Amino acid sequence: MDVTVVGCGAGACAAAVELLAAGHRVRVWSRSRATIAPHLERGGIVYDGVLGEGLAVPQRMTTDLAEALAGADAAVVVLPTFLHAGVARAMIDADMRVDMPVILNPGHTGGALEFAQVFVQAGRRPPPLVEFSTLTYVARKYGPDSVTVSGRAGAVRAAPLGGSQEVLDLAIGLFPGATPVRDVLASGLCNVNMVLHAPGAVLAAAWVEATGGNFTFYVEGMTEGVARVVRTLDGERLAVARAFGHDLPNLMGEMHKIGTIDALDDPDDYRGAISAGSANQRIRAPGSFDHRYYKEDFGHGLLPFLELAQIAGVDVPVAVALMRLAETAVDVDYRAGGRTAQAMGIAGLSFAGLLEKVRAA
């Protein structure tokens, strides 16, 4: 299969490595010449970690999106979710027919809805879309031409926008471990990052500024008080999910499926399970507010969650408080350029109208 990987960061490089190992013909696109140049000089992507080690050689690595997408059987967008709308606009601006399935790895909360809405606003028919709840890898680029893949998600949630089983099967075939859920509301509400990152990002804001992030986010930063806020926010997430007819695992169950916590002896021991997870123990806190925990997990995680909660008619006071505190501390309006109801194309929809939108074949 001809697959275009949209992105050239750590997650995108990990995806390219795994897709190439599975025998697919892979192209990689980056919007940044500076990012892709070291790989062109090296002749591919140097990799090590759980996917093995070696040099993965894509068919093409380019900054020309039309060239990267031409003739592709599928496109996999592996970028921070606040770049999704820009990628959709770039596909439209490339002035080509975009009808191959587009897989958002990850889509997080509302990703497929926002991506589709960019096409709708441009008067174009959206491509078939599949949204993953979280990234399928734990990966870092410690050098400009290499990626270290330290983990691979055991399971992520996957759903198509519009309910196409064929497109969902294609995405699951490309990424083993992706498991289907009923709709993109379920996949979006399985976004663990908005629950896991937002409380710590707000409650440890002073420590982030004072130390430049010189502490472990999931160990030193996961105090009993922070864990209580995480647990309560998680309860709000589950309540919204139930309102839409989805009975989802709590955060501990979801992280256990992904593989970011090792054991699940007590599903209510949020602090113990999170801080003991081997994948979490060495992760440093954000060095400043210019970090994805602040840039992504509020405007493209907590904000769309609040929009969904409003349509569901569920009160989420902790989520509201965290959003207001983050906006005040960081001094940013997350609605400006964020994943609002308008950006997702669901503004003014009733409860029944939203369900129809996400489940219509």
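Side notes on the structure shown:
- Checklist (1) farther than 21 Å from residue 184 by Cβ; (2) surrounded by 18 or more Cβ atoms within 10 Å (Cβ to Cβ) applied to residue 332, failing item: (2)
- Taken across the range 85-94, residues that are of a type outside the set (Val, Ile, Thr) and over 22 Å from the mean Cα position of the chain (by Cα) do occur, with at least one present.
- The residues of the range 169-185 that are assigned to a helix (DSSP H, G or I) and surrounded by fewer than 22 Cβ atoms within 10 Å (Cβ to Cβ), listed by number, are 169, 170, 172, 173.
- Pick from the range 239-255, criterion in a helix (DSSP H, G or I) and touching a residue at least 24 places away in the same chain (Cβ under 8 Å), ranking: farthest from residue 353 (Cα to Cα): 255
Residue by residue, here is whether (1) at pLDDT 95 or above; (2) of a type in the set (D, E, K, R); (3) part of a loop (DSSP other than H, G, I, E, B) holds:
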| site | (1), (2), (3) |
| --- | --- |
| 97 | no, yes, yes |
| 103 | yes, no, no |
| 109 | yes, no, yes |
| 118 | yes, no, no |
| 135 | no, no, yes |
| 142 | no, no, no |
| 149 | no, no, no |
| 162 | no, no, yes |
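- Members of the range 254-269 found to be open to solvent by 10 Å² or more (accessible area, probe 1.4 Å) and either more than 18 Å from the chain's Cα centre (by Cα) or among the β-branched types (Val, Ile, Thr) (or both), listed by number: 258, 260, 262, 263, 264, 265, 266, 267, 268, 269
- Considering the conditions (1) assigned to a helix (DSSP H, G or I); (2) in contact (Cβ under 8 Å) with a residue 60 or more places away in the chain, residue 90 is excluded by exactly one of them, (2).
Residue-by-condition table, conditions (1) crowded, with 21+ Cβ neighbours inside 10 Å; (2) within 12 Å of residue 13 (Cβ to Cβ):
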residue: 35; (1), (2): no, yes
residue: 39; (1), (2): yes, yes
residue: 50; (1), (2): no, no
residue: 53; (1), (2): no, no
residue: 57; (1), (2): no, no
residue: 64; (1), (2): no, no
residue: 74; (1), (2): yes, no
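The values are calculated or read from the model by the stated rules, or taken from the named source; none is laboratory data. Note that the structure is predicted; figures quoted are calculated from it, not measured. Don't worry about glycine lacking a Cβ; one is built from the backbone with ideal geometry, like all the others, and counts go over all protein chains shown. The area values use the complete protein model at the heavy-atom level, side chains included, leaving out ligands, DNA and RNA. Shrake-Rupley method; radii C 1.70, N 1.55, O 1.52, S 1.80 Å.
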